[in-house]
1. Can you name every residue in segment 123-134 that is of a type outside the set (Gly, Ala, Ser) and within 11 Å of the chain's Cα centre (by Cα)?
2. Among the numbered criteria (1) assigned to a helix (DSSP H, G or I); (2) free of Cβ contacts under 8 Å to residues at least 60 places away in the same chain, which single criterion is violated by Arg71?
3. Yes or no: segment 354-372 includes at least one residue that is assigned by TED's automatic domain parsing to the domain that holds Gly426, crowded, with 24+ Cβ neighbours inside 10 Å and not in a helix (DSSP H, G or I).
4. Looking for whichever is in the same structural domain as Leu130 (by TED's automatic domain parsing) and either crowded, with 22+ Cβ neighbours inside 10 Å or closer than 19 Å to Lys265 by Cα (or both) here; the options are Ala107, Ala86. Which one fits?
5. Among residues belonging to segment 258-299 that are β-branched (Val, Ile, Thr) and modelled with pLDDT of 70 or more, point out the one that is farthest from Glu325 (Cα to Cα).
Amino acid sequence: MGDRDDPGTIGRRVQRLRVERGLTQRQLAEPVYTPAYICTLESGGLRPSDQALEHLAERLGVAYDELATGRSARTATELRLRLTEAQRTLAAGEAEEAAAQYAVLLAEAEAQHLTEEQAAALLGLGECALDTGELEVGREHFERAERMLADAPLPSRVPAVRGRAVAHYLAGQLRYSVHLLESALDELNCAALQDPDALLLLYASIIAPYMDMGAHARAAKAAGFALALAPHSGDPALVARMHRSVARTMLAEGRLAEADASLAKATELYRTLHLRTELANCHWMRGYVYAQHGRLGRAEEELRAAREMLSATRAALYTSQVAVELADVLHRRGKSEEAAGLLRDVLGDLSPERGAVHAAAAHRLLGIIAEDARDTDTAEEHYVRSLSLLERAGAAGDLADLCRLLGDLLRRTGRVEAALDAYRTGLGPRTAPGTTTLGPAPAQPAL
């Protein structure tokens, strides 16, 4: 019946429980076994069979697993209940509070040797780290979770794979992020492992790195798949809360199997809630595509929808990134004052380690707005800041464009040598081959 402790540990546990219940060795043994058998078992001198443990568990009034492993089924269920509470906290946008809850739960799951619960706590810690921008910490949590689930089916490992990919993406490692996500998609689709939730998570997550690499056609296709797979639940937060309440009631009544079933439903709903961050990327991507085709009104609608969804989940880093895209559309629609205010608000949430490319884009757009207002000093200051960020991030295409803007500004103000230096800076990265080259597209799902 699975893993269990060594004979000595089991023997001491049997003896403790027998004494606590005031039973003699004869009373515990009858009618199937002898007192001598119980004496030898309690001293660790034999390895009891599954049948013997089932008999002893019934006589001692405990579950088989508790006698064999020391882990109470009730304890495991209570731990899963608290994991759903941590999920609720994270879904509500309280990442730091959720991280504290997950850390406690991880320690308890480790002490109880509960592998699935340990992996769930690690996944939660990883998601919290992504929300707070601690990318290296988040990646380490996801890697640990994936190692713990190494023997589980791929759909069970997808959240950890996706977490690793997002951490690499946010750190600027776009190609490796795409590699991780496409490899998982290929494995799922080619093996006909049609798990809609796993597929949704992967397709929604791959949109942003596709976009940043210039693979717009793949991004559009992934967004279409994600929206087709998106679950439909009227109010998942309300339903999840109901399932948690039901589980708590059943747990109090000792109905562990039913409590576990309710907790499984609550867990899935909270995961659906957290997917709102991913689904916002679909609106984000569509807004970008509309903007590229000059449909600025539709672009503004999609980007505002994405920003509202991200703000609701308090995903500060993602909200700031989409705000930069929205500001660009607003500027192009003649709403430069609103765009500038939006950019100044978000710059405090971005840094070279957290959203460097979008911080550079914010400074670039503020520079353009300043140039339009004939404030060349302010424009130059923003361009220089953007240049510094892009050089550190290695964003070749954006760097070349920025250097052109800065060079043109310097040339117009009579600083020809400085302008030539700016142009030369932008030419180098342009010659780097294969910056957006991708291999074959992943296999398509059977929708």
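The values are calculated or read from the model by the stated rules, or taken from the named source; none is laboratory data. Just so we're clear, the structure is a prediction, and the values are computed from it rather than from any experiment. Don't worry about glycine lacking a Cβ; one is built from the backbone with ideal geometry, like all the others, and counts go over all protein chains shown.
1. Leu123, Leu125, Glu127, Cys128, Leu130, Asp131
2. So the condition that Arg71 fails would be (1).
3. yes
4. Ala86
5. Applying the filter and picking the extreme gives Thr267.
Condition check ((1) loosely packed, with under 12 Cβ neighbours inside 10 Å; (2) farther than 24 Å from Gln112 by Cβ; (3) touching a residue at least 40 places away in the same chain (Cβ under 8 Å); (4) not hydroxyl-bearing (Ser, Thr, Tyr)) across all residues:
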| site | (1), (2), (3), (4) |
| --- | --- |
| Gly11 | no, no, no, yes |
| Val19 | yes, no, no, yes |
| Leu23 | no, yes, no, yes |
| Gln27 | no, yes, no, yes |
| Asp50 | no, no, yes, yes |
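Let's see how each residue does on (1) assigned to a helix (DSSP H, G or I); (2) touching an Asp or Glu at 6+ places or on another chain (Cβ under 7 Å); (3) farther than 30 Å from Arg74 by Cβ:
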site	(1), (2), (3)
His113	no, no, no
Ala119	yes, no, no
Leu123	yes, no, no
Leu130	yes, no, yes
Arg147	yes, no, no
Val161	yes, yes, yes
